[in-house]
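Worksheet for the structure shown next.
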Amino acid sequence: MAPYSSCLSVAAANRTNRIAAFAPPTPPGLTVHVDKRMTLAAFKRHLEPVVGVSSSQFKVFRVYANNQEFESVRLNETLSSFSDDNRVTIRLGRALRKGEYRVKVYQLLLKEPEPCKFLLDTVFAKGMSVRQSKEELLPQLQQQCALHLNIDRFRLRKKTWKNPGTIFLDTQTYEDDIPIFSNWEVFLELLEAPERMVCMSQLAVLARRWKPSTLVLEPFEEVVLESNSVDELKEKLGKLGQISPEDVEFAKGRGTFPCDISVLEIHQDLDWNPKVTTLNVWPLYICDDGAVVFYRNRDEAIQELSDEQRSELQKKESMRLQRTGGQQVPYSPRKEKALKIYVDGGVTRE
């Protein structure tokens, strides 16, 4: 039988599972019965004649209620956890070996409206160094994504939802230095200059300058710190913006990366210039790479807007934040109301 991708619908009895295998596009194509004590390895061997390739050349994914898929890789585990109406998807491709993990690689695009772009699936293994994983990624990126990269001009870093986190050093190894698990996700980030992160004691934050006089948020720039000192952060932000460190005010971004916020709200809505000396304490809690900070010149006055200008800008900001998923704060024009003043004797003045 020619190889194909099959969708398996699983119904479990006490010890026997009735499995209907559907060969697209016309289900059902096959119905089999399996013992719930059967291991995943035995289950895959029974499917070999159906799929048309050896068990090492196809993958088994369990499908959950929200349609999220997770690859089943523990060959010694039984099918006892399967329940009625479980589904399984079979896909062609090399199955994972012991100590290997499937990894989804996304590109981090700091200057794009959508900063998270899926690139490819790959395999990392326990004991593999970050440098080795980058070397293995190069030909895959070239073939599948048409990306021709220099190994020293991109980095890998932790990905938590859409938030960029810890930057991985080339010398670190998976499992020993970097926890790795099934269905892991990482960011790949292109570098415009040689890597500045060379040790784990450094801290990289993502900074955007806010210019209140023009109501402009400038693009992200990375700031690499040697400590968690607020003074060092202000000094380096001052160099970026050509501002005296004493005149630098900063605030931590809120929400999910890129922590976007309306230009009509940023000046007064964030907690500017917190009274702390280190970054790893309340209200900042900046302890890992990838935190977003906004900064401004404290002597720069905010632009005054007419009601008409404010209303028009509010419309533009609402549309922009809808596209980026940023923080939106409803705006309603100010209305004048009569002020009543009560004085002794019950007299009321308006």
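Residues in region 183-221 that are acidic (D, E) and either under 22 Å from Q314 (Cβ atoms) or surrounded by 14 or more Cβ atoms within 10 Å (Cβ to Cβ) (or both): E185, E189, E195, E218, E221.
Among strands (runs of 3 or more DSSP E) entirely within region 69-166, having at least 1 residues that are small (G, A, S) singles out 69-72, 116-125.
Any residue in region 41-61 that is loosely packed, with under 15 Cβ neighbours inside 10 Å and modelled with pLDDT under 80? No, the conditions are met nowhere in region 41-61.
Of the listed requirements (1) touching a helix residue (DSSP H, G or I) at 6+ places or on another chain (Cβ under 6 Å); (2) not assigned by TED's automatic domain parsing to the domain that holds W272, G238 misses just one: (2). The set of residues from region 236-247 being surrounded by 15 or more Cβ atoms within 10 Å (Cβ to Cβ) and closer than 14 Å to L225 by Cβ comprises K236, L237, G238, L240. Filtered by the rule that a residue be surrounded by 18 or more Cβ atoms within 10 Å (Cβ to Cβ) and modelled with pLDDT under 85, region 72-81 gives S72, V73. For region 167-196, which positions are in a loop (DSSP other than H, G, I, E, B), in contact (Cβ under 8 Å) with a residue 12 or more places away in the chain and not acidic (D, E)? Scanning region 167-196 gives F168, L169, T171, Q172, I180, F181, S182, N183, L191, P194, R196. Among residues of region 250-273 that are without any contact (Cβ under 8 Å) to a residue 40 or more places away in the chain and not assigned by TED's automatic domain parsing to the domain that holds P115, those with a beta-carbon under 8 Å from a residue that is surrounded by 18 or more Cβ atoms within 10 Å (Cβ to Cβ) and of a type in the set (D, E, K, R) at least six positions away or on a different chain give the pairs L270/K252; D271/K252; W272/E249; W272/R296; N273/E249.
Within region 39-50, residues that are assigned by TED's automatic domain parsing to the domain that holds R74 and on the phi < 0 side of the Ramachandran plot reach partners that are in a helix (DSSP H, G or I) and at pLDDT below 90 with beta carbons closer than 7 Å, at six or more positions or on different chains, in the pairs K44/S55; R45/S55; E48/S55. A single entry from P139, P113 fulfils the requirement of being under 28 Å from R208 (Cβ atoms) and surrounded by fewer than 17 Cβ atoms within 10 Å (Cβ to Cβ): P113.
When the residues of region 221-242 are filtered to those that are outside any strand (DSSP E or B) and of a type in the set (A, V, I, L, M), the one that is farthest from I286 (Cα to Cα) is L240.
What residue, of Y64, Y101, is aromatic (F, W, Y) and at pLDDT 85 or above?
Details: Y64 fails: at pLDDT 85 or above.
Just one listed residue meets the conditions, Y101.
Residue pairs whose Cβ atoms lie under 7 Å apart, sitting 6 or more positions apart in sequence or on different chains, and linking a residue in region 286-298 that is buried (at least 19 other Cβ atoms within 10 Å of the Cβ) to a partner that is hydroxyl-bearing (S, T, Y), are D289/T166.
The values are calculated or read from the model by the stated rules, or taken from the named source; none is laboratory data. What you see is a predicted model, and the numbers here were worked out from it, not measured in a lab. Glycine also receives a Cβ, built like all others from the backbone with ideal geometry; neighbour counts cover every protein chain displayed.
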